[in-house]
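What follows is one structure encoded as structure tokens, with my remarks underneath.
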Amino acid sequence: MELKKKKKNTPKQKDDPSNRFTNIKDIRNKFLYTYDGYIFSYINIFNFNTSLFTDKEKQMITKDLSASISVYNKPFKFLAVSRAVDIIPLLNYYKDMLRETRNPIRRELIRREINTLTNFATLGEVTERLFYFVLFRKYEDEVEKEFTKDMNEFERSILKYGIKTKILEEKEIRQLANLFFFQ
């Protein structure tokens, strides 16, 4: 009886030409694997209102956050991208308000708001900025466990300043990749 060899837990090879073009070999769990041998992870930095801070507070947060991140002695990048915002739920909300109100002045204001939003959407002016830290390194067997520890440590260094973050999962990494390659 022949024993089967145990397969290593490595990213699967996908021979899709578009994958070769984008250099994306596989996306699994919290990681993107590339054909050139790298593994990537993405940490979303949610927007926060800096206008509520004094200039001195802004300088302190910037200095402290920079110092905290600089301790991380592995490569990373900062990424800012724009994407279209889905305003359909907001338009539906306004349409419901329009149906329910009997006040003619309020009806006119709601109609104007609907027209303004529709014009923004038609012109493609409804976008939002998304911010990410991108952590990466050369792929080696069993690197995911150590890389996950590093991701969590990097995220904690940002969270301690009250900045909301999220480590992207497979679905969100695919959506981010689509922002780059399929617009």
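The values are calculated or read from the model by the stated rules, or taken from the named source; none is laboratory data. The model shown is predicted, which means the values in this text are computed figures rather than measured ones. Quick reminder, even Gly has a Cβ in these numbers, built from the backbone with ideal geometry, and neighbours come from all protein chains shown.
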| query | Here are some conditions: (1) surrounded by 15 or more Cβ atoms within 10 Å (Cβ to Cβ); (2) without any contact (Cβ under 8 Å) to a residue 24 or more places away in the chain; (3) closer than 30 Å to T122 by Cα. L91 meets all but one. Which one does it not meet? | reply | (2)
| message | When you check K56 against the structure, is it assigned by TED's automatic domain parsing to the domain that holds N152, charged (D, E, K, R) and within 22 Å of the chain's Cα centre (by Cα), yes or no? | response | no
| query | Given the residues D141, D150, which is the only one that is touching a residue at least 40 places away in the same chain (Cβ under 8 Å), loosely packed, with under 15 Cβ neighbours inside 10 Å and charged (D, E, K, R)? | reply | D141
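The rows are residues; the columns are (1) under 30 Å from K25 (Cα atoms); (2) among the basic types (K, R); (3) in a helix (DSSP H, G or I).
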site	(1), (2), (3)
D96	no, no, yes
V134	yes, no, no
E140	yes, no, no
T148	yes, no, yes
E155	yes, no, yes
| request: Just one of (1) at pLDDT 90 or above; (2) more than 23 Å from K164 (Cβ to Cβ) trips up P75, so point out which. | output: (1)
| message | Let me confirm something: among D96, D86, which residue is of a type in the set (D, E), surrounded by fewer than 15 Cβ atoms within 10 Å (Cβ to Cβ), modelled with pLDDT of 90 or more and over 30 Å from K58 (Cβ atoms)? | response | D96
| said: If I go through segment 56-83 residue by residue, how many of them are within 26 Å of E146 (Cα to Cα), among the hydroxyl-bearing types (S, T, Y) and not in a helix (DSSP H, G or I)? | reply: 1
| request: Confirm whether L109 is of a type in the set (A, V, I, L, M), in the same structural domain as A177 (by TED's automatic domain parsing) and surrounded by 10 or more Cβ atoms within 10 Å (Cβ to Cβ). | output: no
| request: Return the total of residues in segment 157-174 being modelled with pLDDT of 90 or more, surrounded by 11 or more Cβ atoms within 10 Å (Cβ to Cβ) and in a helix (DSSP H, G or I). | output: 4
| Got at least one residue in segment 61-76 being in the same structural domain as E146 (by TED's automatic domain parsing), free of Cβ contacts under 8 Å to residues at least 40 places away in the same chain and surrounded by 11 or more Cβ atoms within 10 Å (Cβ to Cβ)? | yes
| request: Please work out if T127 is modelled with pLDDT under 90, under 15 Å from the mean Cα position of the chain (by Cα) and not hydrophobic (A, V, I, L, M, F, W, C). | output: yes
